[in-house]
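Read the structure below first, then the notes.
The values are calculated or read from the model by the stated rules, or taken from the named source; none is laboratory data. As the structure is a computational prediction, the values presented were derived from the model and not from experiment. In this analysis, Cβ positions are derived from the backbone assuming ideal geometry, glycine residues included, and neighbour counts consider all displayed protein chains.
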Number of protein chains: 4
Amino acid sequence: MRKIAVLTSGGDAPGMNAAIRAVVRRGIYKGIDVFGIHNGYEGLLEGHITPMTLGSVGDIIHRGGTILRTSRSERFKTEEGQKTAIKQLNNYGIDGLVVVGGDGSFNGARKLGEKGVPVVGIPGTIDNDIAGTDYSIGFNTAVSTAIDAIDKIRDTAFSHERTSVVEVMGRGAGDIALWAGLCSGAESIIIPEASYRIEDIFERITCGRNRGKMHSIIVVAEGVCRAEEISVALRERFKLDTRVIVLGYLQRGGTPTAYDRMIGSQMGAKAVDLLIDGHGGNMVGFNSGKIVYKSFEQAEKQVHEIDMSLYQLAQTLSI
Amino acid sequence: MRKIAVLTSGGDAPGMNAAIRAVVRRGIYKGIDVFGIHNGYEGLLEGHITPMTLGSVGDIIHRGGTILRTSRSERFKTEEGQKTAIKQLNNYGIDGLVVVGGDGSFNGARKLGEKGVPVVGIPGTIDNDIAGTDYSIGFNTAVSTAIDAIDKIRDTAFSHERTSVVEVMGRGAGDIALWAGLCSGAESIIIPEASYRIEDIFERITCGRNRGKMHSIIVVAEGVCRAEEISVALRERFKLDTRVIVLGYLQRGGTPTAYDRMIGSQMGAKAVDLLIDGHGGNMVGFNSGKIVYKSFEQAEKQVHEIDMSLYQLAQTLSI
Amino acid sequence: MRKIAVLTSGGDAPGMNAAIRAVVRRGIYKGIDVFGIHNGYEGLLEGHITPMTLGSVGDIIHRGGTILRTSRSERFKTEEGQKTAIKQLNNYGIDGLVVVGGDGSFNGARKLGEKGVPVVGIPGTIDNDIAGTDYSIGFNTAVSTAIDAIDKIRDTAFSHERTSVVEVMGRGAGDIALWAGLCSGAESIIIPEASYRIEDIFERITCGRNRGKMHSIIVVAEGVCRAEEISVALRERFKLDTRVIVLGYLQRGGTPTAYDRMIGSQMGAKAVDLLIDGHGGNMVGFNSGKIVYKSFEQAEKQVHEIDMSLYQLAQTLSI
Amino acid sequence: MRKIAVLTSGGDAPGMNAAIRAVVRRGIYKGIDVFGIHNGYEGLLEGHITPMTLGSVGDIIHRGGTILRTSRSERFKTEEGQKTAIKQLNNYGIDGLVVVGGDGSFNGARKLGEKGVPVVGIPGTIDNDIAGTDYSIGFNTAVSTAIDAIDKIRDTAFSHERTSVVEVMGRGAGDIALWAGLCSGAESIIIPEASYRIEDIFERITCGRNRGKMHSIIVVAEGVCRAEEISVALRERFKLDTRVIVLGYLQRGGTPTAYDRMIGSQMGAKAVDLLIDGHGGNMVGFNSGKIVYKSFEQAEKQVHEIDMSLYQLAQTLSI
């Protein structure tokens, strides 16, 4: 292993820069040349590849987004696209690749691996829905952004004695909603992994009102339904004064938290070590509080599971 | 003047607590009893009036929202409602009232004044659209929240080379959009006070792209149109990759900035001084960098005007 | 178990309120009366004990410090003090106690246990130096505060091409320094667990300068030496332009991060469950990414160990 | 006027980047070439001068510090230094200069002016102590940083029932201490512009204690004395449990607030307009809520005065 490259793919996530920095610096520390591929797989196809130095990743650990940018590439999904990608890597003499991204990106990584390129994946997505790891880079920052927002919303909900319905990201997984709801003391949390009844939500609100709590917060994962639907149901059926807020892309950006900088740094260094040790074909993961790795095949057979004990905990704490 | 009361009315705004604190403490300092009226004019009608102490406004200067809560009252707009209000004030021997709120709240204040109650108004609304003052409590914090959000959005816009359309509050006034846009370096700012052409917006974006800036931010005041409309227009007519974010009620909450704590404190103290000096029937204002006051009648004849020189400045700085 | 009480002891830590809230609500949910003891063991001795309701822990999850306040008590360390404490608990019919604090507080808890009171401990201290757990409530927030500060310091260090020496908390353990240093990309990290040579620090700075990085950050744990000493050494021996900043008590306060709210909530609920299940005499802990528990005796035999792999990681990433 | 340059001098301040951006973009908008001088006057002497483009000030408005860096130059204070400076400007054909800095920097600017170079000054320093203007870029952000810190310190002061003494910047002027103290509800504020007696401070604390407020905050400007001295006096003479925190260089850095971005942008653009209109030899200022300008001579005759009405206000609000 003399030359490796790193790219970020799929949706961007805070902490990706920490991972890029770690890949570059660990690589250089180990005597390896490191290249940066811009704009994900699409950039790889087009040969947007530049050498990285210690300085090119200086002062980025605290920046949101990804300095390498990212994109989604349809072309790369084709057989021909993958061949072009390999040709580009060969042009630069790159014999190892680190891909920071989600399930889709790892699928591409696996295909390159089947064609002989040692690739290591690093899980990065705010949704925390990647199979084979308990944690994905960006999740902690996204939750942090969501609870900052809910802390603000609570001020105005209190002042007006209103019910606020907050829609957070999470198409397939309720992790952001669950953490943000639990950590901000939301009265109800609606996630794809659990069914809900509007009557129960109303009952919880009524319960609070009976003991003098006139405002309440409901957090809903976008994968379940629009916040607007919940709001309308509560307004029409129960005559509540409701307001809706959709956090949206806000959750993708922002200075990464300490946690995401740390995990990003650890995973980035681990990915380089795996390539050096001949362990291409693996993704880095986080299980039982430790940085681990497993093959893409192994990971693919697993399913990301939300921690339902947290859901039950939230139920008992928001009575 | 021996007993005064304070209430917050209309939409809540960060810094209202600083004003309440100042009214209470300045009053007590001057040897006056101060009462808090809960839930705005509606609470006044229902006699939700409690004595305030030094301690009851302790540790609130840094909290968003209003500890006195607020509401909109239809009843108070009637002749009969106003009579009931005066009866309630008389019940408590209250001979002076401070109202923190916007134009509508001042209208009510003026009516009470015509019926013999000395009332002083303090401008509080995040929209900064109150006639007779250059500044209303809450505006600086709302702008701060908006630019924090846009700073985050820029991270992800950069990573994906996208155009983000950010909708901020401001039904009648573009102040938040103008400040937030200028202070976050937005490429385009759309406000009710100036016409816009979608072609010009596209041209500015193209200009930036030609010199390598692949992402851009457009800030639009809700009073003009929905961000979604701008987004659709850019996507359909110019094939741009756009994303929409509506900041909404987020802008109402949050820890007040130093500026709002300061102006809130100054205005609160000034309101008490005016009542003591027999200057009921006035609103406190901020003009030419100074705390001033003027009669409700005088203020009503004025119109809040946005500083269009800032709009022109924004145009020249976002080339 | 029909009545339990909760107190916070030792230094306060962000997230303690989340733990208190969880103890109270989980208790009530399980049909138990919950009491709050004010001012730690000292307050227990003086009978500062009040019943807690669902409402008394409302809107506290996001507040720093501890609503129950805390103190250090010399009296409680005596045999007689402990007997008085038990008498007070008996007066209220309290048959179970939750103590949130550090090693010293657990020592007291163990003594009460030996006298027949079921006590469960929850580790809370920003230093993260408690035996028997990988994580203590407050650590993540303290690190977050430290990296926010260092991010600011870096701005001005950059502008002036200076070396900043930042002193963070941690008398016996370098955890805060290690995390804060690694997560903020500090050039050097000085912790009690590893020896250092001033020459090596200077060499790292020189290394950076040679490739154009004119500013640098050194993070030192207070347990090693004062930042001022490092600063003087660098200034006198190597003629560097240095500045010192001591973060101090700043690190104790502030809105708890999502992580501390989550761990606090989980540990609080777990403590109640342990008391109900007859598992007094244990402390809640966090090991291998899971909430666990172990006896105070067992914990006492262990020593908190810093993760030295992170130190090595920091070395390779700050080349 | 065809070519102008901009430099930052003296202590850095948040918002300087907004000013640099405005100078560059307004200049280019007006058809002028703009150069950046690195490292202040020292860099000017050494010819560290580079052309600035629209892109070179992209994405900097929200960054703390100054991208042009800054320094203090002894050489420039000499006649010979000034001649060298002018030679360097002539080498590049630069016929106008914008200097962002404080009193000392303006003194240098005036000297260049006397030798025929049109120079315009922009006041930038967190201390807000520049003669001839009510406001200097960076002050609002420094206050914001200070109140954020004090909000955190209050959490832990509350938990431990302590008195915290917070030392803020301000050698000659108490503006930061006054604003930070007033806006964070400090019990006492000690500034160079007003004498104080330790007995009065103790009396205020006692007053609060008598009504149940067990913690308190004292803010002291570094220009008066070290916080440690106040702390020792209170501890020794009145047996208070005190803690000291010195905010120090923390206050220099950080993302500029909306206010500093706005004033920085306005002042930057104004400086360019002044140069174009032949108004060299002036400093931009902020008086009565408006951007103004006045000659360096005129400004020099004035003295920055703190607003003592705010000091009196603080006294009445912290009873």
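Hey, which of the strands (runs of 3 or more DSSP E) in the range D:132-226, taking only ones fully inside, have at least 1 residues that are more than 14 Å from every other protein chain (Cβ to nearest Cβ)? Before you say what the answer is, go through the steps one by one.
On the way: elements: D:163-168, D:188-190, D:216-221.
Counting at least 1 such residues, we get D:188-190, D:216-221.
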### Message
Return the pair list, or none, for Cβ contacts closer than 6 Å from residues in the range A:51-71 that are away from chain B (no Cβ under 14 Å) to residues that are assigned to a strand (DSSP E or B), at least 6 apart or on different chains.
### Response
A:PRO51/A:PHE35; A:MET52/A:VAL34; A:MET52/A:GLY36
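Could you please let me know if C:ARG243 is crowded, with 22+ Cβ neighbours inside 10 Å, touching a helix residue (DSSP H, G or I) at 6+ places or on another chain (Cβ under 6 Å), touching a residue at least 40 places away in the same chain (Cβ under 8 Å) and among the basic types (Lys, Arg)? Talk me through it step by step, then tell me what you get.
On the way: crowded, with 22+ Cβ neighbours inside 10 Å: no; touching a helix residue (DSSP H, G or I) at 6+ places or on another chain (Cβ under 6 Å): yes; touching a residue at least 40 places away in the same chain (Cβ under 8 Å): yes; among the basic types (Lys, Arg): yes.
It is false that C:ARG243 is crowded, with 22+ Cβ neighbours inside 10 Å, touching a helix residue (DSSP H, G or I) at 6+ places or on another chain (Cβ under 6 Å), touching a residue at least 40 places away in the same chain (Cβ under 8 Å) and among the basic types (Lys, Arg).
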## Note on the structure
In the range B:264-314, residues that are more than 30 Å from B:SER188 (Cβ to Cβ) and assigned to a helix (DSSP H, G or I) total 19
## Note on the structure
Counted residues in the range B:23-53 being in contact with a His (Cβ under 8 Å, 6 or more places away or on another chain) and crowded, with 22+ Cβ neighbours inside 10 Å come to 2
### Task
All but one of (1) under 29 Å from C:GLU161 (Cβ atoms); (2) surrounded by fewer than 22 Cβ atoms within 10 Å (Cβ to Cβ); (3) of a type outside the set (Lys, Arg) hold for D:GLU228, so report the exception by its number.
(1)
### Message
Being under 30 Å from B:GLN315 (Cα atoms) and among the aliphatic types (A, V, I, L, M) narrows it down to one residue among D:ILE263, D:ILE319, D:ILE245; which is it?
### Response
D:ILE263
### Query
Out of all the residues in the range B:186-208, which are loosely packed, with under 15 Cβ neighbours inside 10 Å and under 18 Å from B:ARG154 (Cα atoms)?
B:THR206
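When you check D:MET283 against the structure, is it under 16 Å from B:SER309 (Cα atoms) and either in contact (Cβ under 8 Å) with a residue 60 or more places away in the chain or polar (S, T, N, Q) (or both), yes or no? Working first, answer last.
Working: under 16 Å from B:SER309 (Cα atoms): no; either in contact (Cβ under 8 Å) with a residue 60 or more places away in the chain or polar (S, T, N, Q) (or both): yes.
Taking the combined requirement at face value, the residue does not satisfy it.
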#### Entry: Hits in the range A:55-95 (condition: within 24 Å of the chain's Cα centre (by Cα) and on the phi > 0 side of the Ramachandran plot)
A:ASP59, A:GLY65, A:ARG69
### Task
Could you list all residues from the range B:246-282 that are within 14 Å of chain A (Cβ to nearest Cβ) and surrounded by fewer than 24 Cβ atoms within 10 Å (Cβ to Cβ)?
B:VAL246, B:GLY248, B:TYR249, B:THR255
### Query
If you scan the range A:11-22, which residues turn out to be within 10 Å of another protein chain (Cβ to nearest Cβ) and out of contact with any Pro (no Cβ under 6 Å at 6 or more places or on another chain)?
A:GLY11, A:ASP12, A:ALA13, A:MET16, A:ASN17, A:ALA18, A:ARG21, A:ALA22
### Task
Would you check if there is a residue in the range C:21-30 being charged (D, E, K, R), within 22 Å of A:ARG211 (Cα to Cα), assigned to a helix (DSSP H, G or I) and within 21 Å of the chain's Cα centre (by Cα)?
yes
#### Entry: Selection count where residues are in contact with a helix residue (DSSP H, G or I) (Cβ under 6 Å, 6 or more places away or on another chain), under 21 Å from D:VAL272 (Cα atoms) and in a loop (DSSP other than H, G, I, E, B), scope the range D:69-95
2
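Only one of D:ILE306, D:ILE291, D:ILE230 is in contact (Cβ under 8 Å) with a residue 60 or more places away in the chain, among the aliphatic types (A, V, I, L, M) and not assigned by TED's automatic domain parsing to the domain that holds D:ARG154; which?
Only one candidate passes the filter, namely D:ILE306.
Yes/no per residue for (1) assigned by TED's automatic domain parsing to the domain that holds B:GLU193; (2) of a type in the set (A, V, I, L, M, F, W, C); (3) in contact with a strand residue (DSSP E or B) (Cβ under 9 Å, 6 or more places away or on another chain):
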| residue | (1), (2), (3) |
| --- | --- |
| B:GLY102 | no, no, yes |
| B:VAL117 | no, yes, yes |
| B:ASN128 | no, no, no |
| B:ALA149 | yes, yes, yes |
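Residues D:ARG226, D:ARG237: which one is more than 21 Å from D:CYS183 (Cα to Cα) and in contact with a helix residue (DSSP H, G or I) (Cβ under 9 Å, 6 or more places away or on another chain)? Give the derivation first.
Working: D:ARG226 fails: in contact with a helix residue (DSSP H, G or I) (Cβ under 9 Å, 6 or more places away or on another chain).
Every option except D:ARG237 fails the conditions.
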